[in-house]
Amino acid sequence: MALVYLIPVLFLLHLLGPFPTVSAVGINYGTLGNNLPSPKTVAQLLQSTIIDKVKIYDTNPQILQAFSNSGIDIIVAVENNHVANISSTKSAAEDWFSARIAPFIPATSIVGIAVGNEYLATGDDSMDPNALIQAMQNLHEVLLSRGLDRKIKISTPHSMAVLATSFPPSASTFATTLMPTMTSILTFLADTGSPFMVNAYPYFAYRDNPTTVSLEYALLGNSSGVHDPKGYVYTNMLDAQIDAIRSAIASLGFGGRSIHIMVSESGWPSKGEPGETSASPDNAKTYNSRLITKAQSNKGTPMKPNDKIDIFLFALFNENKKEGGASERNFGLFNGDGSKIYDVDLSCEFCSGSKMEFGFGPGSKEVQRGPSVWCVAKPHADEKLVQGVLDFCCGPGGVDCREVYENGACFGPNKVHAHASYAMNAYYQMHGRNYWNCDFKGSGLVTFSDPSYGSCKYSQQ
């Protein structure tokens, strides 16, 4: 069973320092579609999934409000057409932050600002690369002045087009014309501890080169392997793309500096133009299922096998108002009306005591928001440390934990997070439901969805 002998209180308090998290999955939430579910519905349902990070393409106030106290981290964006204004003066950046971000923190966990999106690859001569760099610096100055520079990181997502060549990965460099700009960006990222964001799509590489690229290789499958001259063996294209970025960074002299690589977008469309035969529900399901597995694996790439890569799946919804070809509008896991396009398992087996069926459309189990609130363990909090919280609640915390003992109504599922959620909620309720009573050094989450299941009933005021 999950309960163990109680840890001495002082040692337990040491354990309850900042909680590291196990790997979870990020997702991109675009809104260029008709009849999308409300942000409140999206935020509520994502809390019952393995998704713990969401990236949006603006600072939509309805979305930011909906994700308050959700336990899900948010990356917001400065749209490309706003970069020039924010770059003009520090006061312009301060005004943008005060109007767009400040009203929602700390209730909404905003952890990143993406300045522009593929800004250097737009082909628009009016978009000055120097403005991008200056906007990033101005926003960082705002964060510094507010003491938020450790919580919120500034970066900018790039397409693979910033590379002169991506194969072989070990010989990759940035495009010559972009090298001065990339040097400035990399200096900023290294100095501020911010990630290098890349939108990496094996789909497009396969679509454009179907005779030379293996479909299984593009779909993240266990292909026979592609060999790099320096001895690295790649069994999937995404790893090769990531390492191509890694080599390009090193080629500018940053190999010795710690710059984390984040895959800010990656996905596969379920539908395309008549010639895009690989854009199908089956291939999209295969790619995204494997991408989720990869995101949770804690594994790196052949060049850096121990460096975990944060991955944001693209995308939550199909966006039927998005410009471009058919495939651009069909990267979503869900249609605009909320119905599933194909099944990808996003469920979290301990978020509500039992595995939930996740969806937005008809037949989905939508949990209604009510006047009561409960406290549960964050699904991705480290198991050993959640065990420490469980021991505290059932010991010095004074919670009656008989229901999570063997033969108790809440013993099953016999998992630490499930048992801890019951104990944390009881502690939260008995101490007045103040927000700090559900903090547990960052491992607790207040929810409006009743986590009770079967005969296991969570207490409430």
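The values are calculated or read from the model by the stated rules, or taken from the named source; none is laboratory data. These numbers were taken from a predicted model, which means no experiment stands behind them. So basically every Cβ, Gly included, is an ideal-geometry build from the backbone, and we count neighbours across all protein chains shown. Accessible surface is based on the protein model in full, side chains and every heavy atom, while ligands, DNA and RNA are left aside. Shrake-Rupley method; radii C 1.70, N 1.55, O 1.52, S 1.80 Å.
In the range 150-219, counting only helices (runs of 4 or more DSSP H) that sit wholly within it, the ones holding 3 or more residues that are surrounded by 16 or more Cβ atoms within 10 Å (Cβ to Cβ) and aliphatic (A, V, I, L, M) span 179-192.
Can you tell me how many residues within the range 118-144 are closer than 30 Å to L445 by Cβ and either of a type in the set (S, T, N, Q) or touching an Asp or Glu at 6+ places or on another chain (Cβ under 6 Å) (or both)? Walk me through it before giving the result.
Step one: list which residues in the range 118-144 are closer than 30 Å to L445 by Cβ, which gives 139-140, 142-144.
Those left that are additionally either of a type in the set (S, T, N, Q) or touching an Asp or Glu at 6+ places or on another chain (Cβ under 6 Å) (or both): 142-143.
Total satisfying the criteria: 2.
Pairs linking a residue in the range 152-163 that is more than 16 Å from I56 (Cβ to Cβ) to a residue that is of a type in the set (K, R), with Cβ atoms under 7 Å and 6 or more positions apart or on different chains, do not occur. Given the structure, is R246 part of a helix (DSSP H, G or I) and under 29 Å from H380 (Cα atoms)? Against the criterion (part of a helix (DSSP H, G or I) and under 29 Å from H380 (Cα atoms)), R246 qualifies.
With respect to being outside any helix (DSSP H, G or I), without any contact (Cβ under 8 Å) to a residue 12 or more places away in the chain and surrounded by 15 or more Cβ atoms within 10 Å (Cβ to Cβ), G408 fits the description. Look at L32 and say whether it is open to solvent by less than 50 Å² (accessible area, probe 1.4 Å) and modelled with pLDDT of 50 or more. When the stated conditions are applied, L32 does not pass them. The residues of the range 208-246 that are out of contact with any Ser or Thr (no Cβ under 6 Å at 6 or more places or on another chain) and small (G, A, S), listed by number, are A218, G221, S224, G231, A240.
Would you tally the residues in the range 427-437 being surrounded by fewer than 24 Cβ atoms within 10 Å (Cβ to Cβ), touching a helix residue (DSSP H, G or I) at 6+ places or on another chain (Cβ under 7 Å) and closer than 18 Å to C410 by Cβ? Let's see the steps before the verdict.
Of the range 427-437, the ones surrounded by fewer than 24 Cβ atoms within 10 Å (Cβ to Cβ) are 427, 429-437.
Filter again for touching a helix residue (DSSP H, G or I) at 6+ places or on another chain (Cβ under 7 Å), leaving 427, 431, 437.
From what's left, closer than 18 Å to C410 by Cβ: 427.
Residues flagged as surrounded by fewer than 24 Cβ atoms within 10 Å (Cβ to Cβ), touching a helix residue (DSSP H, G or I) at 6+ places or on another chain (Cβ under 7 Å) and closer than 18 Å to C410 by Cβ within the range 427-437 amount to 1.
With the condition kept exactly as written, say whether any residue in the range 262-275 is open to solvent by 60 Å² or more (accessible area, probe 1.4 Å) and hydroxyl-bearing (S, T, Y). Lay out the reasoning, then the answer.
Kept after step one, since they are open to solvent by 60 Å² or more (accessible area, probe 1.4 Å), are these residues of the range 262-275: 271, 273-275.
Among the residues that remain, those that are also hydroxyl-bearing (S, T, Y) are: none.
Checking the range 262-275: not a single residue is open to solvent by 60 Å² or more (accessible area, probe 1.4 Å) and hydroxyl-bearing (S, T, Y).
Could you please find all residues in the range 409-437 being within 14 Å of F392 (Cα to Cα) and modelled with pLDDT under 85? Listed by number, the list holds a single entry, N437. Does S421 satisfy the criteria of being touching a Lys or Arg at 6+ places or on another chain (Cβ under 7 Å), small (G, A, S), in contact (Cβ under 8 Å) with a residue 12 or more places away in the chain and buried (at least 23 other Cβ atoms within 10 Å of the Cβ)? Considered against the rule, which asks whether it is touching a Lys or Arg at 6+ places or on another chain (Cβ under 7 Å), small (G, A, S), in contact (Cβ under 8 Å) with a residue 12 or more places away in the chain and buried (at least 23 other Cβ atoms within 10 Å of the Cβ), S421 comes out as no.
Condition check ((1) touching a Phe, Trp or Tyr at 6+ places or on another chain (Cβ under 6 Å); (2) open to solvent by less than 10 Å² (accessible area, probe 1.4 Å); (3) under 25 Å from M160 (Cβ atoms)) across all residues:
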position	(1), (2), (3)
V54	yes, yes, yes
L64	yes, yes, no
I75	no, no, yes
H82	no, no, yes
I86	yes, yes, no
D95	no, no, no
A99	no, no, no
T108	yes, yes, no
N130	no, no, yes
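Within the range 296-319, does at least one residue satisfy the condition of being outside any loop (DSSP other than H, G, I, E, B), touching a residue at least 40 places away in the same chain (Cβ under 8 Å), hydroxyl-bearing (S, T, Y) and open to solvent by less than 40 Å² (accessible area, probe 1.4 Å)?
Here is the first cut: in the range 296-319, the ones outside any loop (DSSP other than H, G, I, E, B) are 296, 310-313, 317.
Checking the rest, the ones that are also touching a residue at least 40 places away in the same chain (Cβ under 8 Å) come to 296, 310-313, 317.
Now drop any that are not hydroxyl-bearing (S, T, Y), which leaves none.
Within the range 296-319, not a single residue is outside any loop (DSSP other than H, G, I, E, B), touching a residue at least 40 places away in the same chain (Cβ under 8 Å), hydroxyl-bearing (S, T, Y) and open to solvent by less than 40 Å² (accessible area, probe 1.4 Å).
Here is the figure for the range 244-261: residues that are more than 27 Å from V76 (Cα to Cα) and open to solvent by 20 Å² or more (accessible area, probe 1.4 Å) total 6.
Only a single criterion out of (1) open to solvent by 40 Å² or more (accessible area, probe 1.4 Å); (2) without any contact (Cβ under 8 Å) to a residue 40 or more places away in the chain is not satisfied by S280, namely (1). Take the conditions (1) open to solvent by 10 Å² or more (accessible area, probe 1.4 Å); (2) modelled with pLDDT of 85 or more; (3) more than 16 Å from the chain's Cα centre (by Cα); A377 misses just one of them, which is (1).
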